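Below is one structure, written out as structure tokens; comments come after it.
The values are calculated or read from the model by the stated rules, or taken from the named source; none is laboratory data. Owing to the predicted nature of the structure, the values given are computational and were not obtained by experimental measurement. Note that each Cβ is placed from the backbone with ideal geometry, even for glycine, and that neighbours are counted across all protein chains shown.
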Amino acid sequence: MTRYLPPCTVALALCLLTACAQTQDATALESSTPTELAPSALLPTPYTAEQIRDANPPGTRLRFLLTTPDQPGMLQTFRWIGGDETMSVLESTVAPADGSADGTTQVSESKWAELRDHAAFPAVATVRGEGPCQVGAGWFDCLTYVVTDAAVDPPVVNHFYFARGRPGPPVLLYAEQNGREVFRMELIEDSR
């Protein structure tokens, strides 16, 4: 049985960075290397909470194209509309990419540390690397995380590309199942 990841579910769960988030001491993560972590531990996140906060002041807008093989494309726009040292206020709008309908907008508040922790992936299920990435918004030098979700059958392999120097959501995320791409989220516009 093929399990597809609905774009809105994945994008909202990612809201800024995605899945597999668990609570753990961030200082220990940032100062550890993967070989020093216990099997149940998490890899270091690509950015600190402070880096995400500083890179996304109110007014920052990021637009992503969300696609699946069997559904029309969707646009998701994130716009920071407020916040302070510890909290982020984010507006998220999802609309059909073809402009056939108005989007739906939600406003949410999150701690910057919660946004950082969306990219805290389990070491035993993740391969971390580096590499270039081209998306609609341009070329980026990235930290990559390939995360295998074996809790579903067949497993889903999620590929995250976090741009160096652009703290926030991945500039590219795509999911594969049975060697077939089942979801893609790519940055197409960045107001920074």
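Being part of a strand (DSSP E or B) and either exposed (fewer than 15 other Cβ atoms within 10 Å of the Cβ) or more than 15 Å from the chain's Cα centre (by Cα) (or both), is that true of even one residue in the range 46-59?
In the first step, residues of the range 46-59 are kept if they are part of a strand (DSSP E or B); the result is none.
For the range 46-59, residues part of a strand (DSSP E or B) and either exposed (fewer than 15 other Cβ atoms within 10 Å of the Cβ) or more than 15 Å from the chain's Cα centre (by Cα) (or both): absent.
Of all the residues that make up the range 139-163, how many are in a strand (DSSP E or B), touching a residue at least 40 places away in the same chain (Cβ under 8 Å) and surrounded by fewer than 15 Cβ atoms within 10 Å (Cβ to Cβ)?
Within the range 139-163, the subset in a strand (DSSP E or B) is 139-149, 156-163.
Checking the rest, the ones that are also touching a residue at least 40 places away in the same chain (Cβ under 8 Å) come to 143, 145, 147, 149, 156, 158, 160, 162.
Of the ones still in play, those that are also surrounded by fewer than 15 Cβ atoms within 10 Å (Cβ to Cβ) are none.
Final tally of qualifying residues: 0.
Criterion first (among the basic types (Lys, Arg), within 17 Å of the chain's Cα centre (by Cα) and modelled with pLDDT of 95 or more) does ARG180 satisfy it?
Numbers: among the basic types (Lys, Arg): yes; within 17 Å of the chain's Cα centre (by Cα): no; modelled with pLDDT of 95 or more: yes.
For ARG180, the condition - among the basic types (Lys, Arg), within 17 Å of the chain's Cα centre (by Cα) and modelled with pLDDT of 95 or more - is not met.
Of these, ALA137, ALA55, ALA113, which one is aliphatic (A, V, I, L, M) and in contact with a Leu (Cβ under 9 Å, 6 or more places away or on another chain)?
Values: ALA55 fails: in contact with a Leu (Cβ under 9 Å, 6 or more places away or on another chain); ALA113 fails: in contact with a Leu (Cβ under 9 Å, 6 or more places away or on another chain).
Of the residues listed, the single one that is aliphatic (A, V, I, L, M) and in contact with a Leu (Cβ under 9 Å, 6 or more places away or on another chain) is ALA137.
Of all residues in the range 101-147, which are aromatic (Phe, Trp, Tyr) and closer than 23 Å to GLY83 by Cβ?
Of the range 101-147, the ones aromatic (Phe, Trp, Tyr) are 112, 121, 139-140, 145.
Scanning the range 101-147 gives a single hit, TRP112.
Based on what the data block shows, is GLY129 free of Cβ contacts under 8 Å to residues at least 24 places away in the same chain, surrounded by fewer than 18 Cβ atoms within 10 Å (Cβ to Cβ) and assigned to a strand (DSSP E or B)? Can you show your working first?
Working: free of Cβ contacts under 8 Å to residues at least 24 places away in the same chain: yes; surrounded by fewer than 18 Cβ atoms within 10 Å (Cβ to Cβ): yes; assigned to a strand (DSSP E or B): yes.
When the stated conditions are applied, GLY129 passes them.
Looking at (1) of a type outside the set (Val, Ile, Thr); (2) farther than 13 Å from PRO46 by Cβ; (3) out of contact with any Asp or Glu (no Cβ under 6 Å at 6 or more places or on another chain), which is the one condition that is false for ALA119?
Only one criterion in (1) of a type outside the set (Val, Ile, Thr); (2) farther than 13 Å from PRO46 by Cβ; (3) out of contact with any Asp or Glu (no Cβ under 6 Å at 6 or more places or on another chain) is unmet by ALA119, namely (2).
I'm trying to understand the selection: among the residues of the range 70-121, which are among the aliphatic types (A, V, I, L, M) and assigned to a loop (DSSP other than H, G, I, E, B)? Show your work before the answer.
Here is the first cut: in the range 70-121, the ones among the aliphatic types (A, V, I, L, M) are 74-75, 81, 87, 89-90, 94-95, 97, 101, 107, 113, 115, 119-120.
Matches in the range 70-121: ALA97, ALA101, ALA119, ALA120.
Considering only the range 164-172, I want to know if a residue exists there that is out of contact with any strand residue (DSSP E or B) (no Cβ under 8 Å at 6 or more places or on another chain) and crowded, with 16+ Cβ neighbours inside 10 Å.
Scanning the range 164-172, I find at least one residue that is out of contact with any strand residue (DSSP E or B) (no Cβ under 8 Å at 6 or more places or on another chain) and crowded, with 16+ Cβ neighbours inside 10 Å, so the answer is yes.
Give me a count of the residues in the range 68-83 that are within 10 Å of ALA97 (Cβ to Cβ), surrounded by fewer than 18 Cβ atoms within 10 Å (Cβ to Cβ) and in contact with a helix residue (DSSP H, G or I) (Cβ under 9 Å, 6 or more places away or on another chain).
Count: 1.
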